[in-house]
1. Determine the relative contact order of the chain: mean sequence separation of Cα pairs under 8 Å and six or more apart, normalised by residue count, in whole percent.
2. Out of the total accessible area of segment 190-346 (probe 1.4 Å, heavy atoms of protein only), what percent is carbon and sulfur?
3. Measure nothing fancy, just the Cα-based angle from helix 312-325's long axis to the longest principal axis of the chain, in degrees from 0 to 90, nearest 10.
4. Quick one: what do you get for segment 130-189 if you divide its Cα Rg by 2.2 N^0.38 Å?
5. Counting Lys +1, Arg +1, Asp -1, Glu -1, what net charge surrounds VAL11 among other residues with beta carbon under 12 Å of its beta carbon?
6. Let's see if you can work this out: charge +1 on each Lys and Arg Cβ, -1 on each Asp and Glu Cβ, no other charges. What is the dipole magnitude of segment 73-226 about its Cα centre, in debye to the nearest 20?
7. Shape verdict for segment 277-316, please, from the Cα gyration tensor: rounded (a/c under 1.5), prolate (a/b greater than b/c) or oblate.
8. Listed highest first by mean packing, meaning other Cβ atoms within 10 Å per residue, what order do 38-50, 231-243, 5-17, 159-171 come in?
Amino acid sequence: MTGAWDKARVVQLARQLRGVETGGWSGPALRAVVEGLGWQWHEGTAGPRLVTGTQQDASPEWAPRLRPVDRFEKDYVHGGEEYVGLYVPVAVPGGGAAGKAAAFRAVGEALTEEFGPASIMGVYGDPGPFYDSAPLWGSPFRRWRGRENTLELHAGEHGPELLLQPTDPAENWFWRQGHGEHYALGGFFGSRRDSSTAGLGFPGRWRTDDWDVFSNALGDFLDTLPAETHALGIQLDFGFHALVPGTYGPILFNLLCGERLEIIYDPERLGEGITDPTSFGWIAHTNRPAALDHWHEAPYHSGDFGIGEVDGRRLARMMVDTLRDLGVSSPKDLSLTDHAQRVGDYHVDYYGLTLQENP
């Protein structure tokens, strides 16, 4: 890790951020917050520059920053806020996506030890709040929600960041993405049944009957998934039902992802006459057994992939080509298994998959 993090310093900073008075997120109030943290506020033509007074100030990836209300934020701000976020990098690890995921996980565990489990956790995907692009390595988040302000462990391009934000604007943006247009939301969002999530609304999912749109969304979902699930310390394990003509919708695929991702394919209940699965890229269990411990055995699998190894578009195309060959007419004939939405203590909605869940 080229930018080692200091657990005690990060936890203390998180405590301070949760306790500050942001005064409606006006400029003068935020300047008082910054100076109360012992930092300096320097006015500039591009907005304030924050200086922490440490040797890391010389490195741009360590610089804290304020997010002003601009054209992408203004429609979701109704309380007169001038800013909608204070971002503070807390680690700049080496090791590519794996290093960033490991650092995020370590910081997340420290904050959970201090504050308890996050109110909300998940993955933003594309787009992120206020239409941000996701970092290339992944976009996991953990959020400790408050009535006025929310503290988030946020995925920055260079590694984990602490993000203090007014609660309403980001939630307004999220809620209003329920308009149903293609690619409105990505990733997945999980919430705990807790007093901190009282009044929290989740938008409806977007759906598509276009195989190419579904394939693109699925590929994006899979690309960075091992980094994101490892960063969050969770495992996803769910199946895909498919309404193959002449059936009642068997489970054809099972996705398992913690630090590694693998998908199994089970065509055995479809009878004779199906196309050889290896022609789509599936690996026969008899040639090479599945590497991960799935909840049932299947004769074919995708191979297993670690952080930075997933070609999401290839895996998505392999699944879609298989489904179309079986005669599944539309992505709307797919659904997730009934246990898909339970991940530990969280109820999860998979926006990036665009699929309904079975009750």
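The values are calculated or read from the model by the stated rules, or taken from the named source; none is laboratory data. In this text the structure is predicted, and so the values were computed from the model without any measurement. Cβ coordinates were reconstructed from backbone atoms using ideal geometry, including for glycine residues, and neighbour counts include every protein chain displayed. Just the protein is used for accessible areas: all its heavy atoms, side chains included, with ligands, DNA and RNA removed. Shrake-Rupley method; radii C 1.70, N 1.55, O 1.52, S 1.80 Å.
1. Reported as a whole number, the value is 16 percent.
2. 43
3. Orientation of helix 312-325: about 30 degrees from the principal axis.
4. Values: Rg = 12.2 Å, N = 60, 2.2 N^0.38 = 10.4 Å.
That works out to 1.17 for segment 130-189.
5. Numbers: positive: LYS7, ARG9, ARG15, ARG18; negative: ASP6, GLU109, GLU113, GLU114.
Net local charge, VAL11 excluded: 0.
6. Values: 12 positive and 22 negative charges, 100 e Å.
With Lys and Arg at +1 and Asp and Glu at -1, about 480 debye.
7. Judged from the Cα gyration tensor, segment 277-316 comes out oblate (a/c at least 1.5, b/c at or above a/b).
8. 159-171, 231-243, 5-17, 38-50
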